[in-house]
Structure formats: C-alpha cells, structure tokens
Amino acid sequence: MASLSSLASAQVLMAADTESELARNVRLPQGVIDLIIKNEPDDARQLEECMANDGGERIPVADLFSAQAIRLNNDDLPDYFVRPALKPYCHVFYGAHLFRYWFVTTLRHQGKISYRIVFKAGGDEVRVLNHRTKGYRDLELVGHNAVKVATSSWRFDGKKYVVTGCILRNADPADTHTSQC
C-alpha cells in the first residue's frame, strides 16, 4: 500500500503551508470574518494590537486574513479556506513554523446566508484532496518538528471531520522508514 503522502500528491486540489501565500486569494464576506473572530475569543486583544498601525491608521481586520474559495462539499454555495495573511503579519495566528486555519462553508436557509466553521486546526501544511467522504473533501494535515513529520488524514463523518489515519516518518529525507502515529 502506498503512503498517505504519495497517494495525496496525485489528488491534491489545494495546499497551503506556513510561509506561502494563497495562489487564488479572494475577498472574504464580512460574515466569515465575524464568525472566525467570534470563535477565537481568547485572541481578541492581540488581534486589536495587530490592527493598530504605527502610522496611526487602523488596519482593517479583513486584511489580516487570506482566503481561497474552494468546493468543500457538494452544494453550489461557496466554501472558503481561511488562513492568516503573511502581509500584514499578525502573530496571533502563528506559532513556531505553524499557522492556524479554518474551513468555512456557506449555508442558505429560507433565503438567508450564514456560515459555519466545519474544521479548524493549525500546523505546517494542509491539503484538500479530490476524494470526498459523505459529501465533503478529504483533508491531509502535516506537522513536524526537527526530528519527525506526521501526516494525518481526515474524513467527514456526516457531522464533523475525524482523523482516519496517521503516518510518522523521520524528517531526514534519506530515512524512508514510516510508522503509524
């Protein structure tokens, strides 16, 4: 059986990592930004610090995020992959070589649009795969330190994303040994 990484490389629809801008950045609806901020209440004070500009002008909160429209599920409504922008850089959503990110779906009920975070995490890299499980695209998350690289696969169970596998390998590319996480 092929490893998670080799299987995914042929199926990756979108990938994002800590230090790369999104190729197809889109302007987020204000409702998506509001939802993310509401769901990160512990970061509100630091986010305010990021919005304060040395020149006296405030940076709009929307400028602190970068997004790509994706087709995460089977409906005709836009979905979004949202991550912190690289410029202007806001330390709130970054860590030691990792970034936080959110997958947001659009919902329409009785003509009214709303948004829902279906998955949020943080790490070194995230990949959206072509394959779908229960109507939603499968995901791969990559995290590493100086010694090991963990690649986990996630599938939608009908209500939420759940981890379905994990491969651990040595960070040294010459060492091809893998094991389960």
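The values are calculated or read from the model by the stated rules, or taken from the named source; none is laboratory data. This one's a predicted model, so the numbers in the text were calculated from it and none came from an experiment. Virtual Cβ from ideal backbone geometry, glycine too; neighbours counted across all protein chains shown.
Suppose we keep only residues that are in contact (Cβ under 8 Å) with a residue 40 or more places away in the chain and of a type in the set (Ser, Thr, Tyr) within segment 121-151. Which one would you say is farthest from Glu19 (Cα to Cα)? Only one residue fits best here, namely Tyr136.
Here is a yes/no grid of residues against (1) in a strand (DSSP E or B); (2) under 27 Å from Ala44 (Cα atoms):
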position: Ala69; (1), (2): yes, yes
position: Asn73; (1), (2): no, no
position: Phe81; (1), (2): yes, yes
position: Thr106; (1), (2): yes, yes
position: Ile113; (1), (2): yes, yes
position: Ala121; (1), (2): yes, yes
position: Val126; (1), (2): yes, yes
position: Arg132; (1), (2): yes, no
position: Arg137; (1), (2): yes, no
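Quick check on Asp34: is it modelled with pLDDT of 85 or more, surrounded by 15 or more Cβ atoms within 10 Å (Cβ to Cβ) and of a type in the set (D, E, K, R)? Taking the combined requirement at face value, the residue does not satisfy it. Checking Tyr89 against (1) within 21 Å of Ala23 (Cβ to Cβ); (2) in contact with a Leu (Cβ under 7 Å, 6 or more places away or on another chain); (3) not in a helix (DSSP H, G or I), which test does it fail? Here Tyr89 meets the rest and fails (2). Please verify whether segment 66-84 includes one or more residues that are more than 23 Å from Ser152 (Cα to Cα), polar (S, T, N, Q) and within 12 Å of the chain's Cα centre (by Cα). So far as segment 66-84 goes, yes, one or more of its residues are more than 23 Å from Ser152 (Cα to Cα), polar (S, T, N, Q) and within 12 Å of the chain's Cα centre (by Cα). Here Asp172 clears all of (1) more than 17 Å from Val12 (Cα to Cα); (2) crowded, with 19+ Cβ neighbours inside 10 Å; (3) of a type in the set (Asp, Glu) except the condition numbered (2). Screening Val142, Val149 for residues that are under 24 Å from Trp102 (Cβ atoms) and out of contact with any Asp or Glu (no Cβ under 8 Å at 6 or more places or on another chain) leaves exactly one candidate, Val149. Of the residues making up segment 83-104, those that are over 20 Å from Arg45 (Cα atoms) and surrounded by fewer than 16 Cβ atoms within 10 Å (Cβ to Cβ) number 2.
Here Thr151 clears all of (1) in contact with a helix residue (DSSP H, G or I) (Cβ under 9 Å, 6 or more places away or on another chain); (2) surrounded by fewer than 20 Cβ atoms within 10 Å (Cβ to Cβ); (3) in a strand (DSSP E or B); (4) not aromatic (Phe, Trp, Tyr) except the condition numbered (2). Pairs are defined by a Cβ separation below 6 Å, a sequence spacing of at least 6 or placement on different chains, a first member in segment 98-117 that is more than 20 Å from Ser66 (Cβ to Cβ), and a second member that is small (Gly, Ala, Ser); the pairs so defined are Leu107/Ser114.
Taking the condition closer than 16 Å to Leu22 by Cβ, aliphatic (A, V, I, L, M) and surrounded by 15 or more Cβ atoms within 10 Å (Cβ to Cβ), does Val118 pass?
No.
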